[in-house]
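As structure tokens, the structure follows; a few thoughts come after it.
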Amino acid sequence: MIMPLSAQNNRFRVPDSSVIRKAVAENWFEQPLETLRHNRTELRTNSIGQIFQIRLEETRDLFSIIIAPETQVAVDVYTQDGVQHKTVDEYPADACGSWILIRDSVTGKPVHIKYYFAGDSEIFVQFSPSGNKTLADYVIDGCYAARGVPVGVPFDYFYRASFASVLSLTEKSLPWQYADIHPEQYHANLVMVAEIKKNLERIKQVPDGCYDENGKPIFLYGKKAGQSREVSADDKENNILTMNGSGFTKWVIDGVITPITGSSTYLLPLLRPTTQVNALGLAGIKTQNENLFLDLDWTRNLAAARMSVQAKRKYLYEETGVDVKIEPFSSEISEKGITSVAGYIKNSGYEIKYLKPLLYVLGVTEPTYFYLAAIRRTVHPSDGSPEFKVFDSSAVIFPYFDKNGQFSCTIFENGKELSLAQFTKKYPDSFIHLTRVLSTDRFAPL
């Protein structure tokens, strides 16, 4: 979503339509649907000259009065003479600064009022009447960061309330810290993303492989772990790096550590177990033949290695607090209505469907960190034996906000760049365990 051209004076520079709403409240907010259908779409300006559009939209059960700010969108117009680059005026209902009154089509009663205040359309606050009370919600990508918070004013107060008034009224009751975005704080993350992208063409995937503390190619798995492995003459000549997914994750962390220590991470400490399972349970029995937690251990120990270098003191994983365990959401909007959110599960992480809103919160609250993701999949054996869960891949995730305050996320896995949408599509129904790593603008990978 594109940010509007200008903004009325308030804490988050959100365009404000309160003056307009005061003027049109009787004709637009309080009339029955049949009357509103005869209202023509209007354009009005606020006190600083910004244009807003007022219009009616209907769905099967609800109708909405939308007051949306003007935004300019770049478009390509294809003609017989070629492509012309133009800008057009639009009034998106979910643009930063939009205000929406939603009412029931049958009864005409108000249902919600929404204020959009962020560069992302999935972020908004809404107010709902509940008897004699008014309740507030703070929504991030379909998840409630706050829900059903009493605000102490009548519902129709928000027909005319400015966004600055909303902030003042709910400053201590809603989590406005999630809107406090400073794009300049993501410099180190963006430096790392750019450097990794420059090197992706050099990376060649192999089934088993990483580089040791001296940059020499070694095996990672099984009885050969730590032993030297051969790299073809062509790969050496062309400066190609051969590694598997875990080796790639190590390569990123080595690029953080090497400029400080002069060497990369050692292999054996990264294989140190970080979990315990019941030896008689299914996981315990399976673990006798294969490591079901390899990439969980790997990402935790890599994050601990980075912290050790950062603090100039050796830390074991258990002493670091690198695991992401926050639970910012109480419930979500789903096909079944409003349902509870499971949150963090020990040694499993988060359901992948919550990854985007979770990374949004982490991006706002931890702007100087990136994250190692251990992916836990459910395996359904073809021989009919019981299904089991395994951490068998890892990724590196960089959340950040651009200069317009819009959230973005770059993910690297096994030498490939993925969007957040591609990543979640690749691992449906999986769990993602995150460990935090301090980013650096001195990133220098092998």
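The condition of being in contact with a strand residue (DSSP E or B) (Cβ under 7 Å, 6 or more places away or on another chain), exposed (fewer than 15 other Cβ atoms within 10 Å of the Cβ) and not small (Gly, Ala, Ser) holds for only one of Ile338, Ile375, Ile411, that being Ile338. Applying a threshold of 9 Å to beta carbon distances and a minimum spacing of six or more residues, or different chains, the list of pairs starting in region 259-275 at a residue that is within 14 Å of Leu220 (Cβ to Cβ) and of a type in the set (S, T, N, Q) and ending at one that is open to solvent by 30 Å² or more (accessible area, probe 1.4 Å) and in a loop (DSSP other than H, G, I, E, B) reads Ser264/Glu213; Ser264/Asn214; Ser264/Leu446; Thr265/Glu213. Mind checking whether some residue in region 96-115 is among the acidic types (Asp, Glu), more than 26 Å from the chain's Cα centre (by Cα), closer than 21 Å to Arg55 by Cα and in a helix (DSSP H, G or I)? Within region 96-115 (the criterion being among the acidic types (Asp, Glu), more than 26 Å from the chain's Cα centre (by Cα), closer than 21 Å to Arg55 by Cα and in a helix (DSSP H, G or I)), the answer is no, since none of the residues qualifies. Among the conditions (1) on the phi > 0 side of the Ramachandran plot; (2) out of contact with any Phe, Trp or Tyr (no Cβ under 9 Å at 6 or more places or on another chain), the only one that Gly415 does not satisfy is (2).
Quick grid of which residues meet (1) touching a helix residue (DSSP H, G or I) at 6+ places or on another chain (Cβ under 9 Å); (2) of a type in the set (A, V, I, L, M):
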position	(1), (2)
Ala23	no, yes
Asn27	yes, no
Leu33	no, yes
Arg37	no, no
Thr45	yes, no
Ile48	no, yes
Ile51	no, yes
Ile54	yes, yes
Arg60	no, no
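Within region 381-394, residues that are in contact (Cβ under 8 Å) with a residue 24 or more places away in the chain and under 26 Å from Trp298 (Cβ atoms) sit with their Cβ atoms under 9 Å from residues that are open to solvent by 60 Å² or more (accessible area, probe 1.4 Å) and in a strand (DSSP E or B), at 6+ positions apart or across chains, in these pairs: Lys389/Arg377; Val390/Arg377; Phe391/Arg377; Asp392/Arg377; Ser393/Arg377.
Restricting attention to region 135-151, the residues that are closer than 12 Å to Tyr354 by Cβ, in a loop (DSSP other than H, G, I, E, B) and open to solvent by less than 30 Å² (accessible area, probe 1.4 Å) add up to 1.
Residues are listed down the side, and each one gets a yes or a no for (1) at pLDDT 95 or above; (2) of a type in the set (S, T, N, Q); (3) closer than 23 Å to Gln276 by Cβ:
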{"position": "Leu316", "(1), (2), (3)": "no, no, yes"}
{"position": "Lys325", "(1), (2), (3)": "yes, no, yes"}
{"position": "Pro328", "(1), (2), (3)": "yes, no, no"}
{"position": "Ser334", "(1), (2), (3)": "no, yes, no"}
{"position": "Gly337", "(1), (2), (3)": "no, no, no"}
{"position": "Gly349", "(1), (2), (3)": "yes, no, yes"}
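When you scan region 72-81, do you find a residue that is in contact (Cβ under 8 Å) with a residue 24 or more places away in the chain and either open to solvent by less than 80 Å² (accessible area, probe 1.4 Å) or assigned to a strand (DSSP E or B) (or both), even just one? Even if it seems obvious, please write down each step before you answer.
So the first thing to find is which residues in region 72-81 are in contact (Cβ under 8 Å) with a residue 24 or more places away in the chain, and the list is 72-73.
Now narrow it down to the ones that are either open to solvent by less than 80 Å² (accessible area, probe 1.4 Å) or assigned to a strand (DSSP E or B) (or both): 72-73.
The answer is yes; a qualifying residue exists.
Of the residues screened, Ser64 is not one that is more than 30 Å from Trp176 (Cα to Cα), out of contact with any His (no Cβ under 7 Å at 6 or more places or on another chain), open to solvent by less than 80 Å² (accessible area, probe 1.4 Å) and not basic (Lys, Arg). Of the residues in region 305-325, at least one is touching a Ser or Thr at 6+ places or on another chain (Cβ under 9 Å) and aromatic (Phe, Trp, Tyr). Among residues of region 159-185 that are surrounded by 18 or more Cβ atoms within 10 Å (Cβ to Cβ), those with a beta-carbon under 8 Å from a residue that is among the charged types (D, E, K, R) at least six positions away or on a different chain give the pairs Tyr159/Arg21; Ser162/Asp16; Phe163/Asp16; Leu167/Arg11.
Could you check region 117-159 and list, in sequence order, the residues that are touching a Pro at 6+ places or on another chain (Cβ under 6 Å) and of a type in the set (Lys, Arg)? Correct list: Lys133 only. In region 345-364, is there at least one residue being small (Gly, Ala, Ser), out of contact with any Cys (no Cβ under 7 Å at 6 or more places or on another chain) and exposed (fewer than 14 other Cβ atoms within 10 Å of the Cβ)? The answer is no, given that none of the residues of region 345-364 is small (Gly, Ala, Ser), out of contact with any Cys (no Cβ under 7 Å at 6 or more places or on another chain) and exposed (fewer than 14 other Cβ atoms within 10 Å of the Cβ).
The values are calculated or read from the model by the stated rules, or taken from the named source; none is laboratory data. All figures in this text were calculated on a predicted structure; none of them were measured in a lab. Methodologically, a virtual Cβ is constructed for each residue, glycine included, from the backbone with ideal geometry; neighbour enumeration extends over all protein chains shown. These accessible areas exclude ligands, DNA and RNA; they are computed on the full protein's heavy atoms, side chains included. Shrake-Rupley method; radii C 1.70, N 1.55, O 1.52, S 1.80 Å.
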